[in-house]
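Some notes on the structure that comes next.
The values are calculated or read from the model by the stated rules, or taken from the named source; none is laboratory data. Quantities reported herein were computed from a predicted structural model and do not represent experimental measurements. Here the Cβ positions follow ideal geometry from the backbone for every residue, glycine too, while neighbour counts run over all protein chains shown. Quick note on the areas: whole protein, heavy atoms, side chains included, nothing else; ligands and nucleic acids left out. Shrake-Rupley method; radii C 1.70, N 1.55, O 1.52, S 1.80 Å.
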Amino acid sequence: MQRRDTKDLRRSAQSVSTVHLVRHGEVHNPQRVLYGRLPGFGLSDLGAQMARGIAEHFHDRAEAGRPVHLLAASPLQRAQETAAPIAERLGLPVTVEDRVLEAENAFEGLSEVKRALRNPRWWPLLVNPLRPSWGEPYKSQVSRVLAAVKDLSDQAVAAHGEGAEVVIVSHQLPIWVTRLWAEDRPLWHDPRDRECSLTSVTSLHLGRDGVESVSYAEPNRELLKDAANLPGA
């Protein structure tokens, strides 16, 4: 999938499609584990409230004439539980999409990661933060997410015509590096600087030349102050 040169970024009157990448809601994680792809990490009560809130957000858009035509989600529990209220509110099935899964991470399962990394046994994994050396390469994440975005966009447009909208529930890091790619920014970054809060919406506006522009929204902003939010989780 191509992105336009930012020097020639022109938003068409109507995008061919819009794909909304939604981060899951808050996870019940009292031990502050970097859970990654581990099973058994579902939404907290606050996370469930966030999921209902994001469902209302897309329902309101549908009422205003911008319906969602296709809904997909990562197979991980927290993503599926976030997608469920959207599916119920919009009357859509949830497609399980493996390509938007959380990134692989060698530190998966550790709690209090910052303290754990003082142990020299982990230091060899920190040699190249640009790749990164402790997990799945950023480029690999972007490649698989974009492949899912293109396929789901094509399906929605084929069935519903230009202007079709897709929602994909995914995870912070894959969403963030995809946005960095779309905005022609370096993929390496400080995890504390990610603009991808719980149940945020990162929207890729697709034209005939690929990703034309990106927009970002936090429909549950008022709930974020009470949320536990681990960088990298």
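At-a-glance table
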item: So A48, is it open to solvent by 20 Å² or more (accessible area, probe 1.4 Å), at pLDDT 95 or above and of a type in the set (A, V, I, L, M); result: yes
item: Of the criteria (1) open to solvent by less than 10 Å² (accessible area, probe 1.4 Å); (2) at pLDDT 95 or above, which one G36 fails; result: (2)
item: Hits in region 203-219 (condition: over 15 Å from the mean Cα position of the chain (by Cα) and acidic (D, E)); result: D209, E212
item: Residue check, S153 more than 26 Å from E81 (Cβ to Cβ), of a type in the set (S, T, N, Q) and assigned to a helix (DSSP H, G or I); result: no
item: Subset of region 39-91 (residues that are more than 17 Å from the chain's Cα centre (by Cα) and among the hydroxyl-bearing types (S, T, Y)); result: S44
item: Single condition K139 does not satisfy, out of (1) open to solvent by 60 Å² or more (accessible area, probe 1.4 Å); (2) of a type outside the set (G, A, S); (3) not in a helix (DSSP H, G or I); result: (3)
item: Where a residue in region 143-160 is surrounded by fewer than 21 Cβ atoms within 10 Å (Cβ to Cβ) and its partner, wherever it lies, is hydroxyl-bearing (S, T, Y) and modelled with pLDDT of 95 or more, with Cβ under 6 Å and at least six apart; result: V157/S17
item: Subset tally (residues that are closer than 17 Å to V145 by Cβ and either open to solvent by 40 Å² or more (accessible area, probe 1.4 Å) or part of a loop (DSSP other than H, G, I, E, B) (or both)) for region 93-117; result: 10
item: Filtered residues of region 203-225 (kept if in contact with a helix residue (DSSP H, G or I) (Cβ under 6 Å, 6 or more places away or on another chain) and either open to solvent by 20 Å² or more (accessible area, probe 1.4 Å) or not in a strand (DSSP E or B) (or both)); result: V214, P219, N220, L223
item: Test: R185 is out of contact with any strand residue (DSSP E or B) (no Cβ under 7 Å at 6 or more places or on another chain) and more than 18 Å from L101 (Cα to Cα); result: yes
item: Of residues in region 168-202 being over 10 Å from the mean Cα position of the chain (by Cα) and in contact (Cβ under 8 Å) with a residue 60 or more places away in the chain, the one most open to solvent (accessible area, probe 1.4 Å); result: D184
item: In region 156-195, the residues that are of a type in the set (K, R) and outside any helix (DSSP H, G or I); result: R185, R194
item: Among residues of region 51-92, those that are in contact with a Gly (Cβ under 6 Å, 6 or more places away or on another chain) and open to solvent by 60 Å² or more (accessible area, probe 1.4 Å), counted; result: 2
